[in-house]
Amino acid sequence: MWSPEIGPDEPLTPAGRLFLQKEMNQVIYCVVGVKHPLDVDALKSAIQSSLMVKHPRFCSLMVRDSAGREHWRRTRVDMDRHVVVVHGPVADGLSDEAAVNEYLADLSTDSPGLLGDDKPLWDVHLLMAHRCLVFRIHHALGDGISLMSMFLASCRRVDDPEALPTIGPPSSAKRRRGGGGGEWWKAVVWVLEVVWFTLVFVVEFVLRSMWVSDRKTPVSGGAGVELWPRKLATARFRLEDMKVVKSAVANATINDVLFGIISAGLFRYLDHQSPDAVREGTRITGVAMVNLREQPGLQELSNLMKGNPGLRWGNKFGILLLPVHYHRSSGDPLEYLRKAKSMIDRKKKSLEAHLSYKIGDIAMTYLGARIASLLNYRIVCNTTFTISNVLGPHEEIAVVGNPITYIRANSSSLPHALTMHMVSYAGRADMQILVAKDIIPDPDFLAKCFEDALLEMKAAASTTLNSKK
């Protein structure tokens, strides 16, 4: 049992309060596969001595005062209540991947309640038969970037056991700012574009929180769907394949490629499962969570654990609404990438993500958590899917000396019938696809549609690149 220094209660941040409301109660799952059998005692010891357990949020209870306002109250951490050891297979007759996905899918609809309010809002499940750890952490404790950085601070590189993992490329924003100045009129045009696109997207954001919604399709969710049973499947990509595709379109990014894959794979799925059910040009809108601060380096995270006041922990992300318009195959797989890049480039010229964060902050402050939660819930109900992408380490890493074979993440259920979360690790990228199984009964086929979409785009990109040589 580890005992922190007990201090006064601390109020939750606005985003933390949002994720504790009934409509938006969210838990993050990170499943980590390892090469060798799990050593329970070594893992318990590592967790107990980790930065995670020493962080105030991870050794605090969530309590409510007489006015119903949420606070963090420091408490003792009983490791035996936070580490759950599951000895046998979690499902019979399934592969390791399918069994673990089924386990996670079952957790996704009941996790917020099972975490309880009599201990800090996290636990770790050790699935002994499947050689993996499942971290279950309430979203009120932090966002995906914060939690990934915290986990990696407890890992070491396989090729250098004394070295911390590296995450994230150099800031593209910094690279852009390093360029030379241009004509004054270009700056004026840029400012006008920022103002125009921001106005358009913020108006849409507000309307989506009220009554404007996507047309119903075979993959649409809606109010109450977060309570429906779930299935989970995994789509696997090679980062090298995504980079080949990226290089075929000038100035494209991995996020552009990912969204091109999503649109191509989703349209392929709709054509196969429900031909003629979706009108040509039908808008299908995704919700993306965008990190609003640079991903902290692991040394910075160590300083944060020591109370460095210059660094910020917790949830700091905005929302982007990412639309695609359904079209039957045009014959050129790279067209999905070009359309995705064009749409995302417009988003980059706006302040939509930053203003969505400020709007949520203002709503929490002046309207209260209940109203803010309902507004966010309406945005999810009025759109079709969720997508996120978190950068993982570039090199292979180990936890307590046990090499990690994969890192995957997903969240608890939302009104969307389709949520997708991608994490990259050591040249690979795995995307967890969580679906409401009564709406999308075959997520494994959907995963294959995404995988095939990337391979087709790679073949087209290779042909294009070879023709330029």
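For the chain, hydrophobic long helices are taken as DSSP H runs at least 20 Å long by C-alpha position along their axis with mean Kyte-Doolittle hydropathy of -0.5 or more; these are 184-208, 254-273, 352-366, 443-467. Cross-linked pairs Lys243/Lys358; Lys216/Lys339; Lys243/Lys437; Lys22/Lys316; Lys347/Lys458: Cα-Cα separations exceed 28 Å for Lys243/Lys358; Lys243/Lys437. Here the convex hull built on the C-alpha positions of the chain has a volume of 166 cubic angstrom per residue.
Once the chain from Asp442 to Glu240 is taken as fully extended at 0.36 nm per residue, the excess over their C-alpha distance is 70.0 nm. Rounded to the nearest 20 debye, the dipole magnitude of the range 23-155 is 660 debye, with +1 charges on Lys and Arg beta carbons, -1 on Asp and Glu beta carbons, and the Cα centre as origin.
For the pair Glu395 and Leu465 in one chain, pulling the backbone fully straight at 0.36 nm per residue adds 22.4 nm over the alpha carbon distance. Note on Ala98 and Val63: their simple-model spin labels are 4.8 nm apart, each label 7 Å out from Cα toward Cβ. With Cα atoms defining each centre, the range 362-384 and the range 78-110 are spaced 32 Å apart in the structure. Magnitude of the charge dipole for the chain, about its Cα centre and with charges confined to Cβ atoms of Lys, Arg (+1) and Asp, Glu (-1), is about 1420 debye.
Over the chain, accessible surface divided per residue gives 45 Å², non-protein components excluded, 1.4 Å probe.
Ordered from largest to smallest accessible area (heavy atoms of protein chains, 1.4 Å probe), the residues Arg215, Arg346 come out as Arg215, Arg346. Between the listed residues Leu322, Leu334, Ala353, the Cα displaced farthest toward the positive end of the dipole of the range 314-354, a dipole computed from Cβ unit charges relative to the Cα centre, is found at Ala353.
Just the protein heavy atoms count here, and of the accessible area of the chain at 1.4 Å, carbon and sulfur take up 56 percent.
Near Pro403: Cβ cut-off under 12 Å, other residues only, Lys/Arg at +1 and Asp/Glu at -1. The net charge is +1.
Here Asp78 sits with roughly 50 square angstrom of accessible surface, probe radius 1.4 Å.
Per-residue Karplus couplings for the range 13-27, computed as 6.51 cos²θ - 1.76 cosθ + 1.60 with θ equal to phi - 60°, are listed in order as 5, x, 5, x, 5, 4, 6, 9, 6, 4, 6, 10, 5, 10, 10 Hz, Gly and Pro entered as x. Given a Förster radius of 41 Å and the C-beta distance between Ala163 and Glu280 as r, what FRET efficiency does 1/(1 + (r/R0)^6) yield to the nearest 0.05? My answer for the efficiency is 0.20.
When Thr166, Thr463 are compared by accessible area of protein heavy atoms, the largest-first order is Thr463, Thr166, using a 1.4 Å probe. Compute the signed sum of charges (Lys and Arg +1, Asp and Glu -1) over the other residues within less than 9 Å, Cβ to Cβ, of Tyr326. Residues close to Tyr326 contribute a combined charge of +2. Summing Lys and Arg as +1 and Asp and Glu as -1 over all other residues whose Cβ lies under 15 Å from the Cβ of Leu374 gives a net charge of +3. Here's the picture: charge each Lys and Arg Cβ at +1 and each Asp and Glu Cβ at -1 in the chain, and of Val212, Val278, Ala42 the one pushed furthest to the positive end of that dipole is Val212.
The values are calculated or read from the model by the stated rules, or taken from the named source; none is laboratory data. Everything quoted here is computed from the prediction, not taken from an experiment. Positions of Cβ are generated from backbone atoms using ideal geometry, with glycine treated the same way; all protein chains shown enter the neighbour counts. Remember, those area values only see protein heavy atoms, side chains included, never the ligands or the DNA or RNA. Shrake-Rupley method; radii C 1.70, N 1.55, O 1.52, S 1.80 Å.
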